[in-house]
1. Give the residue, chosen from GLU675, GLU705, GLU709, GLU668, that is of a type outside the set (Val, Ile, Thr) and at pLDDT below 75.
2. Within region 96-133, which residues are assigned to a strand (DSSP E or B), of a type in the set (Phe, Trp, Tyr) and either in contact with an Asp or Glu (Cβ under 6 Å, 6 or more places away or on another chain) or without any contact (Cβ under 8 Å) to a residue 60 or more places away in the chain (or both)?
3. Could you name every one of the strands (runs of 3 or more DSSP E) located completely within region 225-305 that has at least 1 residues being of a type outside the set (Ser, Thr, Tyr) and modelled with pLDDT of 95 or more?
4. Quick check on this structure: which one of ILE406, ILE426, ILE454 is buried (at least 19 other Cβ atoms within 10 Å of the Cβ) and either under 34 Å from the mean Cα position of the chain (by Cα) or of a type outside the set (Ser, Thr, Tyr) (or both)?
5. Is at least one residue of region 448-469 under 20 Å from LYS66 (Cβ atoms) and assigned to a loop (DSSP other than H, G, I, E, B)?
6. Yes or no: ALA346 surrounded by 13 or more Cβ atoms within 10 Å (Cβ to Cβ), farther than 30 Å from ASN490 by Cα and touching a Gly at 6+ places or on another chain (Cβ under 6 Å)?
7. Which of the numbered conditions does ILE63 fail, given that it passes all the others? Conditions: (1) within 24 Å of ARG833 (Cβ to Cβ); (2) modelled with pLDDT under 95.
Amino acid sequence: MSLKKIALVIFLTTCLIAPAFAQRDTVSLNTIITKTAKFISSFPIEKVYLHLDKPYYAAGDTIWFKAYVTLDKHQPSSLSNIVYVDIANQDSLVKILKLPVVNGVAHGNIILSPDAYKQGNYHLRAYTAWMRNFDSDYFYNKNIAIGNTIQANVNTNISFNTTAVAGKPKVSAAISYKQPGEVLSNKKVNWSISNANGDELSKGKGTTDQNGILTVVLNENANTSLKNAILTTSIELGNRKESLNKFPLNSAIAERDVQFFPEGGELTLGVRSKVAFKAVNTNGLGINIKGIITDNTGAVVANLESQHLGMGVFAILPEDGKTYKANITFPDGVSTTYDMPRIKPAGITLAVYNNDPENLNIKLSANDPYFKANQGKMYYIVAQSGGAIYFAAQTALQTPSYSAPIPKSKFPTGIVQLTLFSERGIALSERIVFIKRNDMLNLSLTADRKTYAIRQKVKLLVSAKNNALPVEGEFSVSVIDESKVPFDENAETTIMTNLLLTSDIKGYIEKPNYYFISKNADVDANLDILMLTQGYRRISYRNILTGKFPQIYLYPEQQGLEIAGMLRNNTGMPISKGNLRLQIPGKNLYAETMTDMTGNFKFPKLNFPDSSQVIISARNNPLSKNLMISVNGDSYQPATKNINALDEVANIDSSFKTLLTNSKRQYENLHILKEVVIKSTSLVKRPTHNDYGSLSTLPMMADQELRRERFKDCGNLFQCLPSMLLGVSVEENNLYFTKNVSNPNRLPMQVFVNGSPVDFSYLGSINGASVENVEIFKSDGFSNINKNYQTDGIVSIITKKVEKSKITFAQLQEMLPKGNLLTYNAQGYSIPREFYSPKYDPLKQGAFGGDLRSTIYWSPKVKTDKTGITSFDFFTSDGKGNYRATIEGMDADGNLGRYILHYTVK
């Protein structure tokens, strides 16, 4: 929103406020308004949402997605023309995609190769370069559970139990092992517990009982910490061992907890206030409770009972000389006592009532000491949403309590932050509310039939309207076989839950879609309780008013792909006004540029696919043989903590049994092993660090070794390698052991390629297919490498040897590196695949039962024209049951829409 528009909105809202508010403006209020408007115009809020084809996956699937990039009022962003999508396993990135954004949207896919994606929980993110300047919690963040039946055919389930032994908690895990139609009883199992760094904490052996269950005591060693620990098991099946899932143990040691959140921030003596609470179970999810609030005399002053997912609210009037406790009873009958939050002896609070469909009713309440000290002083109310101020007003403190309505029509749908300021601009109390205006797009799908047969053509009609008027819009459609992918719709991530709710709130929100789709009469009241229990700090007035602005180190990528660097001579001096030519042979792309006065050059507005060979030449310069070209490497966003870790699925085998069973059938249909005759075998020596004199004094055995098979699908070693290294993290373009990340004096690991030391960024020029072997050493043995290079740990990378052949002297001269000619593989745009949607001929039906797809149809390119109408068609698969078609998207004005159509295949 422009500054002029903001000023107009503020003028209107100030004039239309209730009569008790003064209609004259002040310098202090103007300062708050002006500085906030300047802040949001200088640091606009960009968001990214991904519409996925389904909520969870099996190895061998493809994640199909469409990215929606928005700015103010969710309008398509004109700020960034590139969006990044990455997926991480624990702390390491597995895949990074770079996609072009056109009119605020982009689309792509991630192929879940069974070799690269082991069974487990993954962290999917989406963001722009501009968003990286701010808190990563506001990226698109989603937990993706991926099952893998291709490499494992044993189903497991784990549960935890805690008992007291000699006054100390004894934590154990019960793991069940099954195969289809068979309980794996009396089987030997090896288990181990390792920490986040990959260090083994304890290990043991056991035998499953008659029910296929193995019990493991997790904290038998008193020094064993289960925080962030992983339990790994392998079971013996005949003559082989089968590696099974890794089970995170955080929930094994977690305790139940109850937190209290006074409205406005604090309890004030003598002021009756609402107090929200949130109770969580050992798994971190909400648990319903009951209880009473008592004072220090034992008198009951309030009753409490959770209303939704462990959350609830009660009112309390703190009295002088009294303290308060909450006596809580959990569903299993266990009772616990908690202290209530501290009470301010003097203060003023802001309360907001959101149960009126037309107005927000606000109330200012000051206790007697505060009122006497501040009577007649000016106070300001400022309400903003998405950084834009929609309401601002002031009043003098003439009475201890004052109430006034604010029309909800002033605000857009979404989160509104209301802040009470003193006349000095100090934020005294704050409250967030959620406004529902029922102003979403009227979006719908209509099928040409109510039921269909297998392999029958389905035609769906799309209609998009806003206030009964047809609109042009950008949409994406997913159709899934619900019998294969059952899911709790309340827990879904949607365009509404993300852009309107979770992208503006810090912290985890359980089952966010409940607040948008539930028909429960209490849903709006429960949403208001959620607002009381969540934090909101995207806009910090303290920082705005003190001029403490975010540090900007990445600017919006508005000109597409860019290659930049520096031109120097052989003495290292930069060359000004040097001529450079760029060539990308695979795209027949040519460009020219000139260096600036400091030798820097830039090739903007490029468009080329990922891993393209780029050639940059400086030969068209005087004394070009003495010139050297260097290119700035890509800056990657390191893996971050998964803020939705509470969505992680511990028992993927049992939770997603139908999808995984179907996935195994698909794989078996496509991969039928043929008889192989082995005529001869020969032992081939595998290259190791011992082949290089500089590394020969390292320990004989590496702490971790990765064979070339792991890298066959890796296009860029810089991206792929960190995700494969155990207990290693990436920070500031260096590799560190994870255990040292919090150490301010930590040292990076040293990378060697074929025995030669290189920077970690150098790996961006190595294709994974060229890797023969990778070894990781925690200790440098007798080599003194760590001392000599001031490092901690060694990574040795050995590439495949090129077959030797005789060459001429002229060929040798051509092969020698030339500083004035640079050739390397650059990360360009990821090329999305097209979703394959088969077309069946009813007159030429093939063998039935072979089409086992769970995602039946996906299209990221559904657009309505001025009539608001479009249509598309596809064929059902061989699966019978319930199908679900989901359409999401937005129009050019940022109005959001979502619709779900269910139909049946018989």
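The values are calculated or read from the model by the stated rules, or taken from the named source; none is laboratory data. Values in this document were obtained by computation on a predicted structure and should not be read as measured data. In this analysis, Cβ positions are derived from the backbone assuming ideal geometry, glycine residues included, and neighbour counts consider all displayed protein chains.
1. Values: GLU705 fails: at pLDDT below 75; GLU709 fails: at pLDDT below 75; GLU668 fails: at pLDDT below 75.
After ruling out the rest, the residue left standing is GLU675.
2. Pass one, region 96-133, residues assigned to a strand (DSSP E or B): 96-100, 102, 105-111, 120-127.
Narrowing the set further to residues that are of a type in the set (Phe, Trp, Tyr) leaves 122, 127.
Matches in region 96-133: TYR122 only.
3. On the way: elements: 230-237, 240-248, 257-262, 273-280, 290-295, 300-305.
It comes to 257-262, 273-280, 290-295, 300-305.
4. Values: ILE426 fails: buried (at least 19 other Cβ atoms within 10 Å of the Cβ); ILE454 fails: buried (at least 19 other Cβ atoms within 10 Å of the Cβ).
None of the others qualify; the one that does is ILE406.
5. no
6. Numbers: surrounded by 13 or more Cβ atoms within 10 Å (Cβ to Cβ): yes; farther than 30 Å from ASN490 by Cα: yes; touching a Gly at 6+ places or on another chain (Cβ under 6 Å): no.
Here the answer is no, as ALA346 does not meet what is asked.
7. (2)
Matching residues to (1) buried (at least 22 other Cβ atoms within 10 Å of the Cβ); (2) more than 20 Å from VAL477 (Cβ to Cβ):
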residue	(1), (2)
VAL48	yes, no
PRO100	no, yes
ASN103	no, no
PHE139	yes, yes
